[in-house]
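All remarks here apply to the structure that follows.
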Amino acid sequence: MKQNKSVRSRRPGRGPRTYGAPAKAKPPVEVGDLVVGTVLPYASTVDVAQLTQQGWLYCDGRALSRETYAELFTVVGTLHGGGDGIRTFNLPDYRGWFLRGVDDGAGRDPNAADRTAAAPGGQIGDHCGTAQRYATARPKVPYVLSTDGAHTHEVSHVPNDNSSYPVAGSAQAIWNGDSASTQDAGEHQHEMAGGDPESRPLNAYVGYVIKYRT
């Protein structure tokens with residue numbers, strides 16, 4: 001493992017300033033390497049066999065041997081699913097998911113405590129490995145209908161002439177001179193139809209892979 005050499009710079013009229021750790025300190029990870037459990041987007045069709053040879057696994061949720069993949073199991077444990085509960089554990093399954101940082105008490109996810117396990121035996125609540133299903137919040141800018149509030153509707157096919165002329169002392173009906181309108185309806189609601197199967201931003205597909213060995 002390489003030593004982390006300190007970087008020095010000189011300032012006019014002052015002694016050298018030292019950045020970073022002391023010269024004898026060693027970083028926990030080699031420069032240019034990645035820790036086990038790192039997840040990265042992979043911009044190509046996934047070749048599982050080839051990626052495995054290079055130290056990466058496709059995040060498709062499959063169960064793996066806790067013994068064979070001991071390095072990865074030591075890091076992720078059963079966060080993403082407990083496998084058979086004895087000999088296996090689950091990889092994270094990120095197919096079709098947007099990834100979100102753990103809230104960790106920051107209060108940005110109002111439903112953090114209600115998050116569920118991504119697979120049986122997995123973690124729940126405000127922890128890495130949990131999942132959320134579809135939800136829709138009220139929009140910041142309210143939706144409005146093109147017309148609302150009190151209004152009338154025209155009643156069609158009403159004769160616009162008299163059925164007969166009025167005669168004193170009779171009970172004959174007289175047609176309205178033109179089409180009549182209904183009484184004001186007042187405030188009411190209309191169902192909004194249409195919509196898409198999900199709410200989503202612009203997006204592009206990638207395959208997520210996880211580093212499983214050093």
Of the residues R108, R87, only one is touching a strand residue (DSSP E or B) at 6+ places or on another chain (Cβ under 8 Å) and surrounded by fewer than 13 Cβ atoms within 10 Å (Cβ to Cβ); which?
R87
Among the residues of region 107-144, how many are in a helix (DSSP H, G or I) and hydrophobic (A, V, I, L, M, F, W, C)?
2
Filter result for the condition that a residue is surrounded by 12 or more Cβ atoms within 10 Å (Cβ to Cβ) and over 13 Å from the mean Cα position of the chain (by Cα), over T74, T116:
T116
Scanning region 43-54 residue by residue, those over 27 Å from the mean Cα position of the chain (by Cα) and either of a type in the set (D, E, K, R) or part of a loop (DSSP other than H, G, I, E, B) (or both) turn out to be Q54
So which residues in region 49-60 are surrounded by 14 or more Cβ atoms within 10 Å (Cβ to Cβ) and of a type in the set (A, V, I, L, M), if there are any at all?
L51, L57
Scan of region 55-106 for residues that are part of a strand (DSSP E or B), in contact (Cβ under 8 Å) with a residue 60 or more places away in the chain and either under 19 Å from R133 (Cα atoms) or not hydroxyl-bearing (S, T, Y) (or both), ordered by number:
W56, L57
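Rule-based calculations on the coordinates, nothing more; no lab input. Everything numeric in this text was worked out from a predicted model, so none of it was measured. Neighbour counts are summed over all protein chains in view; Cβ atoms, including those assigned to glycine, are modelled from backbone coordinates with ideal geometry.
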